[in-house]
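J.: Got a structure for you, written out below as structure tokens; questions coming shortly.
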Amino acid sequence: MSNYKLTHLKELESESIFILREVAAQFEKPALLFSGGKDSIVMAYLAYKAFYPAAIPFPFVHIDTGHNFEETITYRDELVERLGAQLIVGSVEESIATGRVVEEKGFNASRNKLQTVTLLDTLEKYKFDAALGGARRDEEKARAKERFFSHRDEFGQWDPKNQRPELWNIFNGKKNLGEHFRVFPISNLTEMDIWQYILQENIPLPSLYYTHEREVFERDGIIYAALDAIPRRESEKVEVKRVRCRTIGDITCTGLTLSSADSLEDIIGEIASSRITERGGRSDDKRSEAAMEDRKKAGYF
Amino acid sequence: MSTQTKDTTGYLDMELLRFSTAGSVDDGKSTLIGRLLYDSKSIFEDQLQAVKDASKRLGGGDEVNLALLTDGLRAEREQGITIDVAYRYFATPKRKFIIADTPGHIEYTRNMVTGASTADVAIILIDARNGIIEQSKRHSYIASLLQIPNVIVAVNKMDLVDFSETVFNDIKKEYEGIASILKLKNVIFIPISARDGDNVVDASDKTPWYKGDTLLHLLETLPVRKDETRLPARFPVQYIIRPHSDDFHDYRGYAGRISGGSFKVGDEVTILPSKTQSTIKAIDEGTKSLEEAFTPQSVSIRLTDNVDISRGDIIVKSSEPKPTVSGNVSLLVCWLNQRPLNEGGKYIIRHATEETRAIIKDVHYKVNINTLENILDDKTVKMNDIAHISIKTLKPLKYDSYGENRITGSLVLIDENTFETVGAGMIVHNLEDETFTI
Ligand SMILES: Nc1nc2c(ncn2[C@@H]2O[C@H](COP(=O)(O)OP(=O)(O)OP(=O)(O)O)[C@@H](O)[C@H]2O)c(=O)[nH]1
Ligand SMILES: [Mg+2]
């Protein structure tokens, strides 16, 4: 008799693949939101596995703030090529240029909030009826509350107080015209699961996740890359340090970690002993207690 | 460094246990989850700081309100209650846990059902001062309907009854009566204080009369549901993979998640509802091919013959007991919507990967949660009611009873106008035969 036991990583993988296939079956025009971070990389890889040897039956959509690390863009283009996926880019700079959004000013300016408008415009433009996101429930307290299939009204908004029941593994993607769904196939993976999975599956990552020397500066206890996207005060001195990213977003909201980890095993060791969450270094969450909930209600990722 | 590397390899093949909380409003469910996370050192410094700040802001002074670790929505914090399920994660060297912390308030029962539907263990909390009340019974009833394999009854707030053994034993005795009516199996009782941590992660010195395990120890050692692999094999077809490429010209894979038993290359299979026979040629998982696969793996199956199969069909082994193929289905339903069930009305049904429409033929009875008796004269099934109904579906369903198989034995009802999920259904063949008898 065989040993019918799945490891937690296999069980979670199987759950994610089930959801990705359910999206392909239930929706007319889904898209996969690809940010360039490790979570969307894992999601992209799972999509590849879910439909292999056929091509992934939906395009990747990248909402580009124009403030991305160069490595992110290079990696994105290579990955799309390797997986044979189609890429659509929604540009925040274009939204600014056409007056759809107004750029924030000042030293703490970020295009993070503006992305929501570009995202909703892009979904509308291509008539996408489901957007796959790489959000995980362990990331943040509002995300901890979200369904796998998360309904959005015609304004793209989430109503956390009135979510649809979601029973067993039965997913209800029915909706009225103009509404859409956000679907989160890796909801149940934790940060540690993601790294373990990357190790197990040997998934190549952007070099930013490994230690490298870089010009950085410190603001409010967070280390940022000294790049043009973030205007610096005169008092903010640039130094060269060995750092890596624990999460990757837009340059303006990605805090760097001092680290010498240059392998996945090192990174896993580092995370196992870390006492702060990965979003502890994200300035977009620090704006208020319910920052994420408010952004999500408005249609954010 | 070398010890860390060892930890990580240990971590790669851990067992997953899913559990959910249940019990009436304010019985301490969220506090308990907060305590469990806190005492097992699963809280990060920035999370703890944020919860400390929020506790102070909400008027709690210096006392940390651990419930805020799961009550993360603005409305929840303002009202001091849980509204929707929060999923939290933690791991010990023994296991990895997925927690669903559910709301106790009757208005949000649908969210409690959502959280409980995937649980291997339900922790039902009871406030030691109030004892068993209607909502404790409703949640126990739901746990029993969902056939959650393990139930832990945590008698909470023992600090407010001087850790009295008599109080604990009285509640235990009363609950045992309910458990036997509800056919709840494997019920374990434990006296705790979620607020202070007694018997949660560490054994309490205030309950010397209690000889059992701490809650965490129970969670680490209770058996994980794994017997699905011994059930008759079931493979609801989810999606058809056809690459249309030169390299895989004739490839046709039936993708899905195994929902009972196991399949091997060479197995003779029957496709339902058409009853077409074929043989498994290959089982693919991502880019690899397997000799054998089992529940709950997501794979694609290739067959030796070119047969007509579409989403919603079920592949089973020809040598094993088949599911029932019929449009007449009898089920216990838990109603989840403001608008009552419409007897004679039509609904959309989702069952495994099938979607069809159904008409409600009959409401046989609904359940009085307080007395646990059947109500035969009032058949209006309102939100939070549990009832036994019969439906007739447009396309036949290929089903087992819920007691036999949680996946092929469950379905949801969807409102045709609003598209909301309005009912959770558990299929029964013959009520007397089920483990669940009312
Ligand atoms: N004294 C004492 N108070 C407790 C204990 N556990 C919880 N409480 C208090 O009981 C109140 C309700 O706790 P919650 O954890 O929010 O209750 P809940 O069961 O999650 O409530 P809902 O989710 O809204 O159903 C809070 O004020 C807690 O501090 C305990 O063991 N002892
Ligand atoms: Mg609560």
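The values are calculated or read from the model by the stated rules, or taken from the named source; none is laboratory data. These numbers were taken from a predicted model, which means no experiment stands behind them. Cβ: placed from backbone, ideal geometry, glycine included. Neighbour counts: every protein chain shown. Keep in mind that these areas ignore ligands, DNA and RNA; they rest on the heavy atoms of the full protein, side chains included. Shrake-Rupley method; radii C 1.70, N 1.55, O 1.52, S 1.80 Å.
J.: Take every Cα-Cα pair in region A:30-82 and report what % of them are more than 15 Å apart.
T.: In whole percent, the long-distance tail amounts to 44.
J.: Would you mind giving the mean number of other chain beta-carbons within 10 Å of the Cβ of each residue in B:80-89, as a whole number?
T.: 5
J.: With only alpha-carbon atoms counted, please give the Rg and Dmax of the protein assembly as shown, in Å.
T.: 25.8, 79
J.: Dipole of chain B (Lys/Arg Cβ +1, Asp/Glu Cβ -1, origin at the Cα centre): which of B:Ser24, B:Thr418, B:Ala100 lies farthest to the positive side?
T.: Going by the Cα projections, it comes out as B:Thr418.
J.: How large is the translational diffusion coefficient of region B:109-212 in µm² per second when you combine the Kirkwood radius over alpha carbon pairs with Stokes-Einstein at 10 °C and 1.306 mPa s?
T.: 113 µm²/s
J.: Right, something else. At 7 Å along the Cα-to-beta-carbon direction for both B:Lys275 and A:Lys297, put a label point, then send me their distance in nm to one decimal.
T.: Going by the 7 Å Cα→Cβ label model, 5.7 nm.
J.: Please report, in cubic angstrom per residue, the volume enclosed by the convex hull of the alpha-carbon atoms of region A:189-234.
T.: 124 Å³
J.: How high is the FRET efficiency from A:Leu258 to A:Ile88, r the C-beta distance, R0 22 Å, rounded to 0.05?
T.: According to the calculation, E is roughly 0.05.
J.: Going down the table (B:Lys94/B:Lys157; A:Lys296/B:Lys288; A:Lys145/B:Lys56; A:Lys113/B:Lys94; A:Lys161/B:Lys382; B:Lys183/B:Lys361), which pairs top 30 Å between alpha carbons?
T.: Cα-Cα > 30 Å for A:Lys296/B:Lys288; A:Lys113/B:Lys94; rest within.
J.: Right, next: If you roll a 1.4 angstrom probe over the protein chains with everything in place, what fraction of the accessible area of chain A belongs to carbon and sulfur, to the nearest %?
T.: 48 percent
J.: Further, regarding this structure: Could you work out the Rg to Rh ratio of region B:11-221, with Rh taken as the Kirkwood radius (inverse of the mean 1/r over all Cα pairs)?
T.: A ratio of 0.94.
J.: Rank these residues by their accessible area, most exposed first, probe 1.4 Å: A:Val102, A:Val23.
T.: Descending accessible area places them as A:Val102, A:Val23.
J.: Read phi for every residue in region B:298-305 and hand back ³J(HN,Hα) as whole Hz from Karplus 6.51 cos²θ - 1.76 cosθ + 1.60, θ = phi - 60°, with x for Gly and Pro.
T.: 8, 9, 10, 9, 10, 10, 6, 10
J.: Using the charge dipole of region A:162-301 (Lys, Arg: +1 at Cβ; Asp, Glu: -1 at Cβ; taken about the Cα centre), state which of A:Val216, A:Val240, A:Phe181 has its Cα farthest towards the positive end.
T.: Sorting the options by dipole projection puts first A:Phe181.
J.: Shifting gears a bit: Using a 7 Å offset from the Cα along the Cα-to-Cβ direction at both A:Arg233 and B:Glu373, what is the distance between the two label points in nm, to one decimal?
T.: 7.4 nm
J.: Starting from one equal scatterer on each C-alpha and no solvent at all, send me the Debye-based log10 I(q)/I(0) for region B:229-317 at q = 0.14 Å⁻¹, two decimals.
T.: Listed by q, the Debye log ratios stand at -0.41.
J.: Kindly list the residues of region B:287-311 that lie in the label zone of B:Asp247, defined by a backbone N under 16 Å from the point 7 Å along the Cα-to-C-beta vector.
T.: Hits in region B:287-311 for B:Asp247 at 16 Å: B:287-289.
J.: Peptide B:282-292: average number of partner chain Cβ atoms within 10 Å per residue?
T.: Going residue by residue through B:282-292 and averaging, the value is 3.
J.: What's the average, rounded to a whole number, of partner chain beta-carbon atoms within 10 Å of each residue's beta-carbon in A:266-275?
T.: Average neighbour count from other chains, rounded to a whole number: 4.
J.: Total accessible area buried between chains B and A, 1.4 Å probe, in Å² to the nearest 100?
T.: 7200 Å²
J.: Then there's this: Which of the aspartates and glutamates could be linked to B:Lys346 by a straight reach, that is with a Cα gap under 14 Å, when you skip same-chain ones fewer than 8 residues away?
T.: Cross-link targets: B:Glu355, B:Asp362, B:Asp415, B:Glu416, B:Glu420.
J.: For region A:152-238, state what percent of all Cα-Cα pairs lands in each successive 10 Å bin, counting from 0 Å until the bin that includes the largest distance.
T.: 11, 24, 19, 28, 16, 2
J.: Ok, one more. Just round it to a whole percent: the fraction of Cα-Cα distances in region B:221-267 exceeding 14 Å.
T.: Roughly 65 percent, once rounded to a whole number.
J.: Provide Rg and Dmax in Å for region B:324-434, with only Cα atoms included in the calculation.
T.: Cα radius of gyration and Dmax of region B:324-434 are 13.0, 38 Å respectively.
J.: Rounded to the nearest 500, what is the 222 nm mean residue ellipticity of chain B from helices alone, with -39500 (n - 2.57) per DSSP H run of 4+ residues and division by all residues?
T.: The helix contribution divided over chain B gives -6000 deg cm²/dmol.
J.: So, one more: Can you list the residues of region A:41-79 that have at least 20 square angstrom less accessible area with all protein chains present than in their chain by itself, probe 1.4 Å?
T.: A:Lys49, A:Phe51, A:Tyr52, A:Pro53, A:Ala54
J.: Still on this structure: State the Kirkwood hydrodynamic radius of chain B in Å, one decimal place, computed from all pairs of distinct Cα atoms.
T.: 23.7 Å
J.: Averaged per residue, what accessible area in Å² does chain B show with a 1.4 Å probe, protein chains only?
T.: 39 Å²
J.: Related question: Let's test the formula: R0 of 30 Å, r as the Cβ-Cβ distance of A:Ser273 and A:Asn108. What FRET efficiency results, to the nearest 0.05?
T.: 0.45
J.: Let me ask something else. Ignoring everything except DSSP H segments at least 4 long, calculate the 222 nm mean residue ellipticity for chain A; use -39,500 (n - 2.57) per segment, divide by total residues, nearest 500.
T.: -9500 deg cm²/dmol
J.: Also, I was wondering about something else. Would you mind calculating the gained length between B:Lys264 and B:Asn328 on full extension (0.36 nm times residue separation, minus the Cα-Cα distance), in nm to one decimal?
T.: 19.8 nm
J.: A further question on this structure: If each Cα of region A:1-131 is one equal point scatterer, what is log10 of I(q)/I(0) from the Debye formula at q = 0.10, 0.18, 0.20, 0.21 Å⁻¹?
T.: Calculated log10 I(q)/I(0) at the listed q: -0.39, -1.03, -1.19, -1.26.
J.: Please compute the modelled spin-label separation between A:Arg219 and B:Ile181, points set 7 Å along Cα→Cβ, answer in nm with one decimal.
T.: 6.3 nm
J.: Taking every alpha carbon pair in chain A, what does the distance histogram look like in 20 angstrom bins from 0, in percent?
T.: Taking every Cα pair in chain A, the percentages come to 33, 60, 7, 0.
J.: Let me ask something else. Work out the P(r) tail for region A:206-285: percent of alpha carbon pairs separated by more than 16 Å, whole number.
T.: 49 percent
J.: Right, something else. Given a Förster distance of 45 angstrom, what is the FRET efficiency for B:Ile359 paired with B:Thr287, based on the Cβ-Cβ distance and rounded to 0.05?
T.: Result of the calculation: an efficiency of 0.50.
J.: Now for a different question. Mind grabbing the base-10 log of I(q)/I(0) for region B:71-113 at q = 0.16, 0.20, 0.28, 0.32 Å⁻¹? Debye formula, identical points on the C-alpha positions, no solvent, two decimal places.
T.: Relative scattering, expressed as log10 I(q)/I(0), comes to -0.48, -0.64, -0.93, -1.07.
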